[in-house]
């Protein structure tokens, strides 16, 4: 595993795995790493062979947050690039990624790491994972967009608990609040992630992409009839519904063709 901080990309089948790697600092995200994520996701979004993205961390931990060195340099005026702005840009790019995203979590998922995990569609964790949203430890105002996303995911009360206290919670509590979707034994996590992304690859990407956009609308309390109409027109032209019904009646696996 490279010792230099960075994002590692590996593709297997229809799944791309992005690994957060900064082993000297428990995979803390440097400003350069935040900045690298949006163009990487843009490239994966344009690749028709990629049907889902898994975000994980190297060496048994997910991500310990933002690199304090980057925060200090910006606060002291010795760096021009705002790490928090870069983090929000990366988070928004991940949330807007048009295909399913899944965070596979071991160890610490804290601060900016939890921010990234919350921006994924789903989160699978090992029992030893620990979660925390920690700006209150540093006197940092958590971004409004990140706060809305967290509250939408776990509810206002659980979001306030995490934000006010900056305490870490275990995987079982994260599961109860909706911060995590599945908790798997450590030796089962990778197998389950591989199995689940295989399931996703066999489903209609058209359905998934529309559901992702509609879910985001619901979370924001938005209503966009124009976008709903566009998706209806896309669905009629794509032919996925006809193929899905035919496959069901013929008792075969559907061959969906819409790719975005």
Need the C-alpha centroid separation for segment 175-237 versus segment 117-160, integer Å.
19 Å
Per-residue ellipticity at 222 nm attributable to helices in the chain (runs of n ≥ 4 DSSP H, -39500 (n - 2.57) apiece, nearest 500 deg cm²/dmol) works out to -15500 deg cm²/dmol
Share (percent) of C-alpha pair distances in segment 1-44 greater than 14 Å works out to 48 percent
Neighbouring Cβ atoms within 10 Å as the yardstick, rank 199, 68 fewest first.
199, 68
What percentage of all Cα-Cα pairs in segment 23-168 are separated by more than 25 Å?
24 percent
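What is the Cα radius of gyration of segment 140-204 over 2.2 N^0.38 Å, N being its residue count?
Working: Rg = 15.0 Å, N = 65, 2.2 N^0.38 = 10.7 Å.
Rg over 2.2 N^0.38 Å, computed on Cα atoms: 1.40.
At 10 °C and 1.306 mPa s, grab the translational diffusion coefficient of segment 204-250 from Stokes-Einstein with a Kirkwood Rh over Cα pairs, rounded to a whole number in µm² per second. If you can, show how the numbers build up before the last one.
Details: Rh = 11.7 Å.
Calculated translational D: 136 µm²/s.
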On each of the three principal axes the extent of the alpha-carbon atoms of the chain, given in whole Å and largest first, is 62, 41, 35
Rounded to one decimal in nm, the spacing of the 7 Å Cα→Cβ label points at residue 249 and residue 140 is 5.6 nm
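I'd like to know how segment 139-260 sits against the 2.2 N^0.38 Å rule of thumb: what's its Cα Rg over that expected value?
Details: Rg = 19.1 Å, N = 122, 2.2 N^0.38 = 13.7 Å.
Here the answer is 1.40, to two decimals.
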With Cα atoms, 0 to 90° folded angle of helix 31-45 axis to the chain main axis:
0 degrees
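Looking at the chain, send over the antiparallel percent of its DSSP beta bridges, to the nearest 5.
Details: 9 of 29 bridges.
Antiparallel bridges make up about 30 percent of those DSSP assigns within the chain.
If I stretch the segment between residue 235 and residue 194 completely, what's the gain in nm (0.36 nm per residue apart, minus their alpha carbon distance), one decimal? The partial results should precede the final answer.
Values: separation 41, 0.36 × 41 = 14.76 nm, distance 2.82 nm.
Residue separation times 0.36 nm, minus the Cα-Cα distance, leaves 11.9 nm.
Indicate, rounded to the nearest 5 percent, the antiparallel portion of the DSSP beta bridges found entirely in segment 103-177. Present the calculation step by step, with values, prior to reporting the outcome.
Numbers: 2 of 8 bridges.
Around 25 percent of the beta bridges assigned by DSSP in segment 103-177 are antiparallel ones.
Readers should treat all values here as calculations from the given coordinates under stated rules, not as data from a laboratory. Predicted model, so just to flag it, every value in this text is computed and none were measured. In this analysis, Cβ positions are derived from the backbone assuming ideal geometry, glycine residues included, and neighbour counts consider all displayed protein chains.
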